[in-house]
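All of the numbers you see were taken from the coordinates with simple rules; none came from a lab. Please read all numbers here as calculations on a predicted model, not as lab measurements. Here the Cβ is made from the backbone with ideal geometry for all residues, glycine too, and neighbour counts use every protein chain on show.
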Amino acid sequence: MSENVFDVLKERGFFAQCTHEDEVRELLGSKKVTFYIGFDPTADSLHAGHFIALMAMSWMQKFGHRPICLVGGGTGTVGDPSGRSDLRQVLTDEIIEHNCNCFKKQMARFIDFTDNKALLINNGDWLRKLGYIDLLREVGAHFTVNRMLAAECYKQRWEKGLTFLEFNYMVMQAYDFYKLNADYDCVLQMGGDDQWSNIIAGVELTRRKTGNAVFGLTNKILTKSDGSKMGKTAGGALWLDAEKISPYDFYQYWRNVDDADVKTCLSLLTFLPMDEVNRLSDLKDEKINEAKEILAYEVTKLVHGQDAAEESRNKAKSLFSAGSTDELKPIRIGDSAGKRLVDILVENQAIESKSEGRRLIKQNGISINDRKVSDPDYRISAYDLDRGIIIKIGKKKFYKFIK
């Protein structure tokens with residue numbers, strides 16, 4: 001390809017910061033390079049926060065560059081303090097190994113690991129073998145405490161107390177880059193913008209110890225137009241594992257993003273050409289729903305496969321269409337977060353009484369977005385309100401809750 005992946009990523013809005021922008025652009029346009037992104041195994045699934053990193057990595061691979069997916073079997077024993085106000089839970093070796101294996105399966109949907117086109121490496125292979133005194137002499141001498149404490153990731157932990165355990169995280173991550181540069185000729189570290197301080201540390205350590213030209217580049221954190229983090233649900237993170245978040249609920253999350261976030265999501269989380277992204281993003285009023293449906297389908301296809309994406313799309317359409325059911329009746333509920341579902345249905349004459357509502361729930365006769373309600377005292381959550389609610393009562397009564 002004659003086009004430079006640097007320009008593609010920049011046009012699509014990936015970039016946040018870069019250590020040597022002109023040099024990185026020239027490098028990516030002139031030769032195939034090996035780069036890496038780190039993933040600490042703090043859970044047994046990747047989540048929406050990892051999505052941009054996976055997409056950036058996939059774009060880089062499409063242009064001939066070789067990704068290293070570095071799973072943190074070593075750094076995961078410490079825990080990254082970046083973006084944290086408290087100490088991360090210390091994980092056992094067995095949990096870390098299990099989580100790393102789960103990551104591998106999910107990454108394979110985005111990255112081609114055949115024929116050495118990408119590598120999956122565990123930093124536990126070297127970090128766990130390092131002698132403490134050797135690390136202090138070889139790496140610690142290149143870090144000043146003053147500089148480390150100025151890093152944003154440590155500032156946020158300062159008031160509540162920064163443990164010496166966490167203080168070593170930056171040193172360990174920097175050593176990763178030095179090691180990958182020596183063993184695999186890796187010249188670029190990428191990651192989320194919350195990793196900027198850690199990435200700079202790796203660049204500086206590698207340059208000082210080897211004299212090699214290496215670089216760092218961060219992508220934007222996935223946020224909504226109001227600045228809040230995207231990918232949060234009532235149950236926590238928006239996981240990429242179908243066992244944690246069903247493909248249908250995953251589809252519905254993206255189907256119900258705010259109008260103002262459509263362009264950002266289409267640009268960062270799909271491979272649609274930018275001409276198409278711009279066309280869809282320019283749609284107004286009710287027509288913007290076309291863009292949201294395409295977004296939800298494309299993202300679900302990437303994460304869960306085409307069959308799951310089509311099934312989710314068909315299920316959503318069947319719920320939202322009148323079809324063979326009675327007319328989909330709107331119920332305006334305002335801000336009813338925390339209010340019992342049965343009370344709302346009685347107030348809007350969808351059911352005759354609370355006792356009828358409880359009976360229907362016990363008989364699996366009431367569903368929210370095609371999921372059976374099992375709790376007679378189920379309360380509508382803010383998450384329900386944000387993603388849109390279709391209530392099914394019995395077989396033919398459908399209601400759409402409108403905030």
Computed [θ] at 222 nm, helices only, for the chain once each DSSP H run of length n ≥ 4 contributes -39500 (n - 2.57):
-13000 deg cm²/dmol
Acute angle (nearest 10 degrees) that the helix 169-184 long axis makes with the longest principal axis of the chain, alpha-carbon atoms
70
Once you've got the GNM for the chain with C-alpha springs shorter than 10 Å, pick whichever of 238, 27, 217 has the biggest mean-square fluctuation.
27
Compute the separation of the alpha-carbon centres of segment 1-76 and segment 232-298 and state it in Å as a whole number.
22
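For the chain, calculate the relative contact order in percent as a whole number, restricting contacts to Cα pairs under 8 Å that are 6 or more residues apart. Mind dumping the intermediate values first?
On the way: 618 pairs, mean separation 61.9, N = 403.
In percent, rounded to a whole number, it is 15.
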Can you work out D for segment 5-221 in µm² s⁻¹ from Stokes-Einstein, where Rh is the Kirkwood radius over C-alpha pairs, the temperature is 37 °C and the viscosity is 0.692 mPa s?
187
Partners for residue 209 among aspartates and glutamates (Cα-Cα distance below 17 Å; same-chain residues under 8 apart left out):
134, 138, 176, 183, 185
Run the numbers for residue 62 and residue 133: contour at 0.36 nm per residue of separation, minus the present Cα-Cα distance, in nm.
21.4 nm
Spin-label model distance (nm) - residue 260 vs residue 3, 7 Å beyond Cα toward Cβ:
2.9
How long are the semi-axes of the equivalent ellipsoid of segment 8-70, taking √(5λ) for every eigenvalue λ of the Cα gyration tensor, in whole Å from largest down?
23, 13, 11
Considering the convex hull of the alpha carbon atoms of the chain, report its projected area averaged over all viewing directions, in nm², one decimal.
22.3
Segment 223-320 -> Rg/Rh from Cα coords, Kirkwood Rh, value 0.94
Given 284/400; 104/229; 263/317; 10/224; 179/263, the pairs whose alpha carbons are separated by over 27 Å:
179/263
Angle check, please: helix 288-304 long axis (alpha carbons) against the longest principal axis of the chain (alpha carbons), in degrees 0 to 90, nearest 10.
60
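Let me know the charge dipole size of the chain about its Cα centre in debye, to the nearest 20, where only the beta-carbon of Lys, Arg (+1) and Asp, Glu (-1) is charged. Kindly include the intermediate steps, with their values, before the conclusion.
Working: 57 positive and 58 negative charges, 189 e Å.
Once rounded to the nearest 20, the dipole reads 900 debye.
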Lys/Arg Cβ at +1, Asp/Glu Cβ at -1, dipole of segment 99-150 taken about the Cα centre: which of 120, 100, 135 is farthest positive-ward?
100
Non-local residues with an amide H under 5 Å from the amide H of residue 381, with H modelled 1.01 Å from N and Pro and chain starts lacking one, are 338
Fraction of antiparallel bridges per DSSP, the chain only, in percent to nearest 5:
45
Once the dipole of the chain is set up from charges on Cβ (+1 Lys and Arg, -1 Asp and Glu), the residue from the list 231, 65, 182 lying farthest towards its positive end is 231
To the nearest 10 degrees, how steeply does helix 196-210 sit against the main Cα axis of the chain, on a 0 to 90 scale?
20
